[in-house]
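Remarks on the structure that follows.
The values are calculated or read from the model by the stated rules, or taken from the named source; none is laboratory data. Every value quoted in this text rests on a predicted model; they were computed, and no experiment measured them. All Cβ positions, glycine included, derive from the backbone under ideal geometry; neighbour counts span all protein chains shown. Heads up: the accessible areas ignore ligands, DNA and RNA and are worked out on the full protein's heavy atoms, side chains in. Shrake-Rupley method; radii C 1.70, N 1.55, O 1.52, S 1.80 Å.
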Amino acid sequence: MRPLVSLVRLNKSFGDFRALRDVSLDVAAGEVVCIIGASGSGKTTLLRCVNQLVEPDSGAIWVDGELAGYRAAQGRLHRLSEAEIARQRRATGMVFQRFNLFPHLTALGNITEGPVQVLRQPRAEAEAEARALLARVGLAEKAESYPAQLSGGQQQRVAIARALAMKPRLMLFDEPTSALDPELVGEVLAVMRELAASGMTMIVVTHELGFAREVADRVVFMDHGVIIETGTPAEVLSAPREARTQAFISAVLA
Amino acid sequence: MAAVPHSDLPDLSDHVVVRRMHWGRWAAVAVILLLLASLARAFAVGQIEWQVVGQFITAPTILSGLLNTVVMAVAAMALGIMLGVVAAVMRMSSNPVLQGVALGYAWLFRGTPIILQLLLWFNLALIFPTIGLPGIGWVRTVDVMTPAFAALLGLAINQGAYTSEVVRAGMLSVDVGQYEAAKAIGMTRLRALRRIVFPQAMRVVIPPLGNEFIGMVKLTSLASVIQFTEILHSAQNIYYANAHVIELLIVAALWYLLVVSILTPLQMLLERRFSRGSAGGR
């Protein structure tokens, strides 16, 4: 079966810093892939390439059989228009480390913004679905709250609901619990666990090795812009083959 | 009490707190009152005929001048904000041509005095006797370029050049993560600006824009040099006839003060409207 996401030989530099070096990765539909690694290892850059928040210097990104950002014709790649790229992004939900909720909109407004403004869904229908999503992340009673009135964990759960409202084929998580107080991490991981169990395809950049061990189908370890090791959680987390993976895991668990 | 660690320290719990006397403040108040009193006396015994002020404050010429001032200030500011928003969006775009146009616009209209710009627009007929578009029609410039239209163009285009920088500052004040979150739910740049960025930028933009609006109310007085009959021009027309120069200038000053006094609470209302969701207000 064709993978839902194919990243083929991605390279990306920021000035002199090489964030990605010839990185390739396939993710099958329904698979949960956790990417681990030290900061600066390129894992966030890799994730942001998938929904084109970062444009790679070279390489190809395929999402659901569609080439991201370009149209291939007669041996040439033609850059897509901004509107076409925006359309491609709809199929991919993204959850940010710092939540990035829209502070001038209520929780409900944050969730209905995309469906109403981008998908042109009728407002009443979008609100009904948004309330169902809020209930799913355990925040049914917070519909009218503004982000500033919510805790970090609640904000991140609203952010997950906002991404799900676009009915994405794929969800990207960029260190979704790194900005949270320790006691709020669990409630966000619980929502992500439920999402994984529902069959959603997920790529998760995380430092939560426990979550990766429990939920991931596959764990990818990155270092200095290269995928060092990939395998099941048991293989990569419990019996890593590479010395760099071993060093990283023992440093995190220490 | 068990909570007091050293029982040998004096117990201050029954002492009354005495407020500090601010002798300097009292002295300053006395000096200011003295100055104000002498100023009031100077105006009272000076050669000002206050009944003339009272007589002309609601004169039809003055009131129509006031109306022209207010309408021109609102219209020029509205058009100026539109131009400023467009110029700011162009300046912040990734298109170098649009960036260049926006930079050139701000350079040209911030670089020359507003009074010169007003005179240029008003005298446009000297270089372009007719204006129009091929296929649509041509008109004589003098028929179109009335004092009011020249004043509107001059004030609005000049205001747009300044407003573009205010709007740009507002756009820069919004976190990059907001642009990214908007993109991630499939918004194009313009939709993200309209729905996500501008509502948040308003909080930063309103105080300086309120400032500029107050400036605009007074800037309209410059249009008197191109015969636009705003309130200062009306006052001048009257004192050219009756020689009550100071009285009519006071009439105009009182109206300017009143208009500006009304604008300040309006600005506060707007600020409250756009602080929704911020930590300060709802």
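Data table
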{"item": "Criterion violated by B:His233 - all others in (1) within 14 Å of another protein chain (Cβ to nearest Cβ); (2) surrounded by 14 or more Cβ atoms within 10 Å (Cβ to Cβ); (3) in a helix (DSSP H, G or I) satisfied", "result": "(1)"}
{"item": "Filter pass, A:Ile203 being open to solvent by 10 Å² or more (accessible area, probe 1.4 Å), in a strand (DSSP E or B) and either touching a helix residue (DSSP H, G or I) at 6+ places or on another chain (Cβ under 9 Å) or over 23 Å from A:Ala28 (Cα atoms) (or both)", "result": "no"}
{"item": "Elements of type helices (runs of 4 or more DSSP H) in region A:53-170, at least 2 residues being away from chain B (no Cβ under 11 Å) and touching a helix residue (DSSP H, G or I) at 6+ places or on another chain (Cβ under 7 Å)", "result": "A:123-136, A:152-164"}
{"item": "Test: residue in region A:154-175 that is surrounded by 24 or more Cβ atoms within 10 Å (Cβ to Cβ) and either of a type in the set (D, E, K, R) or modelled with pLDDT under 95 (or both)", "result": "yes"}
{"item": "Helices (runs of 4 or more DSSP H) wholly inside region B:165-230 that include at least 3 residues being open to solvent by less than 40 Å² (accessible area, probe 1.4 Å)", "result": "B:176-184, B:198-219"}
{"item": "Residues of region B:42-96 satisfying the condition of being closer than 30 Å to B:Leu193 by Cα and not hydrophobic (A, V, I, L, M, F, W, C)", "result": "B:Gly80, B:Gly84, B:Arg91, B:Ser93, B:Ser94, B:Asn95, B:Pro96"}
{"item": "Count - residues of region A:235-254 that are assigned to a helix (DSSP H, G or I) and buried (at least 20 other Cβ atoms within 10 Å of the Cβ)", "result": "4"}
{"item": "Single condition A:Leu189 does not satisfy, out of (1) open to solvent by 10 Å² or more (accessible area, probe 1.4 Å); (2) over 21 Å from A:Ser39 (Cα atoms)", "result": "(2)"}
{"item": "Top-ranked residue in region B:191-217 [being farther than 30 Å from A:Ala86 by Cα and without any contact (Cβ under 8 Å) to a residue 40 or more places away in the chain; ranked as farthest from the other protein chains (Cβ to nearest Cβ)]", "result": "B:Gly215"}
{"item": "Residues located in region A:98-134, provided they are at positive phi and open to solvent by 40 Å² or more (accessible area, probe 1.4 Å)", "result": "A:Arg120"}
{"item": "Filter pass, B:Ile246 being in contact (Cβ under 8 Å) with a residue 24 or more places away in the chain, open to solvent by 50 Å² or more (accessible area, probe 1.4 Å), more than 23 Å from B:Met82 (Cβ to Cβ) and of a type outside the set (Phe, Trp, Tyr)", "result": "yes"}
{"item": "Yes/no for B:Gly160 being within 14 Å of another protein chain (Cβ to nearest Cβ) and of a type in the set (Gly, Ala, Ser)", "result": "no"}
{"item": "Unmet criterion (only one of (1) more than 27 Å from A:Phe17 (Cβ to Cβ); (2) within 14 Å of chain B (Cβ to nearest Cβ); (3) open to solvent by less than 50 Å² (accessible area, probe 1.4 Å)) for A:Cys49", "result": "(1)"}
{"item": "Filtered residue count, region A:207-234, keeping only those that are in a helix (DSSP H, G or I) and surrounded by 15 or more Cβ atoms within 10 Å (Cβ to Cβ)", "result": "6"}
{"item": "Given (1) out of contact with any helix residue (DSSP H, G or I) (no Cβ under 8 Å at 6 or more places or on another chain); (2) at pLDDT 85 or above; (3) not small (Gly, Ala, Ser), number of the condition B:Leu118 does not satisfy", "result": "(1)"}
{"item": "Of residues in region B:46-58 being loosely packed, with under 13 Cβ neighbours inside 10 Å and not in a loop (DSSP other than H, G, I, E, B), the one nearest to the chain's Cα centre (by Cα)", "result": "B:Gly54"}
{"item": "Counted residues, region A:4-39 - those being closer than 14 Å to A:Met200 by Cα and either open to solvent by 50 Å² or more (accessible area, probe 1.4 Å) or assigned to a loop (DSSP other than H, G, I, E, B) (or both)", "result": "5"}
{"item": "Index of the failed condition, B:Gly100 passing every other in (1) open to solvent by less than 90 Å² (accessible area, probe 1.4 Å); (2) touching a residue at least 12 places away in the same chain (Cβ under 8 Å)", "result": "(2)"}
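Yes/no per residue for (1) more than 30 Å from the chain's Cα centre (by Cα); (2) within 23 Å of B:Asn237 (Cβ to Cβ); (3) surrounded by 10 or more Cβ atoms within 10 Å (Cβ to Cβ):
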| position | (1), (2), (3) |
| --- | --- |
| B:Val16 | yes, no, no |
| B:Gly24 | yes, no, no |
| B:Pro60 | no, yes, no |
| B:Leu66 | no, yes, yes |
| B:Val70 | no, yes, yes |
| B:Ala76 | no, yes, yes |
| B:Ala87 | no, no, yes |
